[in-house]
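One structure below.
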Amino acid sequence: MPDLPIALIALAVTAAAGYVLLRVFASTRTATSVEDRYLEALEAWVDGRLDDAENRLQEVVRSDTGAVEPYLQLGNLLRRTGRADKAAAMHRALMARGDLSRSQRVKAGLALAEDLLGLGQFASAGQVLDDLVRHVGDRPAYWRARFRQWQGAGDGGEAARALKHAADHVPEPARAVFRNDHACYQLDRAFAAALEGDESLAQRCMKAVPGGHAMARYFPLVKVVLLSGQGHLDKALDTAAADLAGVPDALLAFQDFVRPILLEKNRFERSLPLLERVVQDSAAPVELVVELALLYEKTGRREQALTLLAAKEGRSDLTPDAAAPLLNALIRDGQQTELQRVWHTLHLRRRDRAWRCVACGHAGSRLAWFCPHCFSFGAFVDAQDSREEAHA
């Protein structure tokens with residue numbers, strides 16, 4: 001009988017140990033289940049099944065109310081599907097929690113800043129970013145958000161400074177990318193300022209671009225636009241002929257700007273020397289070839305116009321659409337024979353005239369080196385050139 005209490009105690013201990021092991025196993029299985037569902041949600045997101053991903057993330061945060069990463073990612077998904085207001089509410093709630101590590105708080109702060117940028121609340125986004133700078137001043141994502149915040153607020157100077165500051169503080173190779181983006185952005189600001197006649201701003205922005213940078217080849221474009229706007233047409237055209245002959249997109253942009261000025265002053269023939277020099281290059285933009293032919297026509301040199309187009313026969317971009325100005329002039333003059341001669345030189349494929357961002361396809365009204373639609377940097381290109389490269 002004395003052994004009975006000992007047996008009962010042993011049985012109780014065994015039962016207790018079994019209960020503990022069962023709880024541990026159940027807890028582990030639950031944790032594994034939550035983790036599995038979270039991974040499945042991320043897989044659905046990557047596969048593009050966004051509704052499925054959202055539902056799975058909702059299940060995870062309901063199952064584990066203390067989860068941080070699933071809660072953060074659910075907010076990010078809401079923002080990317082057009083619900084930045086709900087995302088901001090979630091990320092604000094996450095920021096208010098007291099159990100976050102510094103790393104988690106930084107990630108939540110950056111996510112909240114993105115939400116506010118998406119809502120156009122640039123001042124509020126700036127306040128969030130101000131609080132984060134001491135922790136993430138070397139992260140490219142922070143400076144991208146800071147740039148977008150200033151750009152959205154309409155402060156180009158501060159936006160440029162954000163890019164420059166990033167180029168000095170982020171690690172390589174991101175540093176080189178920011179240096180290039182800063183040069184593109186400053187060139188874009190310089191050209192926009194020149195078109196508005198703001199010489200002071202244009203000059204300041206150009207000085208911010210290193211002379212050896214690839215974007216420096218567009219400096220003459222900014223200068224000739226400034227000269228034209230100030231009434232120095234002869235000097236502008238001479239400078240363009242000397243410095244822009246090898247930069248086709250810059251020549252197109254300059255012609256778009258100077259053409260109405262020359263027509264208004266009845267001096268359209270003054271661009272003849274520039275165009276004659278440019279079209280000697282086999283890669284000269286077709287718009288400039290047609291423009292020269294049209295100037296020949298208007299100055300009584302029709303045979304030169306027809307000879308010029310005949311010399312360019314076989315170019316895939318020499319289409320009826322591109323040659324429409326000359327065709328219209330011939331039709332108005334009633335010269336059907338010449339019209340037929342031109343028609344037979346054309347490559348029958350329609351050409352659209354537009355500047356488009358190479359990253360997102362957004363159409364712009366001018367040559368640019370920064371896209372405010374997708375925040376990419378580089379040059380806008382002619383729409384037709386972009387399509388031909390895509391199908392090459």
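Taken together, the values in this text are just the output of simple stated rules run on the coordinates, not laboratory data. Remember, predicted model here, so these are calculated numbers, not experimental data. Every residue, glycine among them, receives a Cβ derived from its backbone with ideal geometry; neighbour counts consider all protein chains shown.
Quick notes on this structure:
- Seen from PHE178, the other residues with C-beta closer than 11 Å to its C-beta sum to a net charge of +1, counting Lys and Arg as +1 and Asp and Glu as -1.
- Built amide H within the under 5 Å cut-off of GLY364, gap 5+: TRP355, ARG356, CYS357
- Here the range 176-309 was treated as a single set of alpha-carbon atoms; its pair distances binned every 10 Å from 0 give 12, 40, 31, 13, 4, 0 percent.
- The alpha carbon centroids of the range 290-311 and the range 131-173 are separated by 51 Å.
- Rounded to the nearest Hz, the phi-derived 3J(HN,Hα) couplings of the range 181-198 under the Karplus curve 6.51 cos²θ - 1.76 cosθ + 1.60 (θ = phi - 60°) are 5, 5, 5, 4, 5, 5, 5, 4, 5, 5, 5, 4, 5, 5, 4, 8, x, 8, where x marks glycine and proline.
- Other residues within the sphere of radius under 15 Å centred on the Cβ of SER228, judged by their own Cβ, net out at -1 (K and R +1, D and E -1).
- Spacing of the modelled spin labels on LEU272 and ARG175, each 7 Å from Cα toward Cβ, amounts to 5.5 nm.
- Inter-probe distance in nm under a simple model that places probes 7 Å from Cα toward Cβ, at ASP281 and ALA153: 4.1
- Extension gain, ARG134 to ALA245: 0.36 nm times the residue separation minus the Cα-Cα distance gives 35.1 nm.
- Fewest-first ranking of THR307, THR239, using other Cβ atoms within 10 Å as the exposure measure: THR307, THR239
- Once you reduce the range 209-240 and the range 75-121 to the center of their Cα atoms, the two points are 45 Å from each other.
- For the range 82-240, alpha-carbon Rg relative to the globular expectation (2.2 N^0.38 Å, N residues): 1.30
- Take 84-96, 257-269 and order them by the average number of nearby Cβ atoms within 10 Å per residue, most first; the result is 84-96, 257-269.
- Across the range 268-284, rounded Karplus estimates of 3J(HN,Hα) from the backbone phi angles (6.51 cos²θ - 1.76 cosθ + 1.60, θ = phi - 60°) give 4, 5, 5, 8, 4, x, 4, 5, 4, 6, 5, 6, 5, 7, 5, 9, 4 Hz, Gly and Pro being marked x.
- Relative protection proxy for 153-161, 123-131, 167-175, 138-146, from highest mean packing down: 138-146, 123-131, 153-161, 167-175 (other beta-carbon atoms within 10 angstrom).
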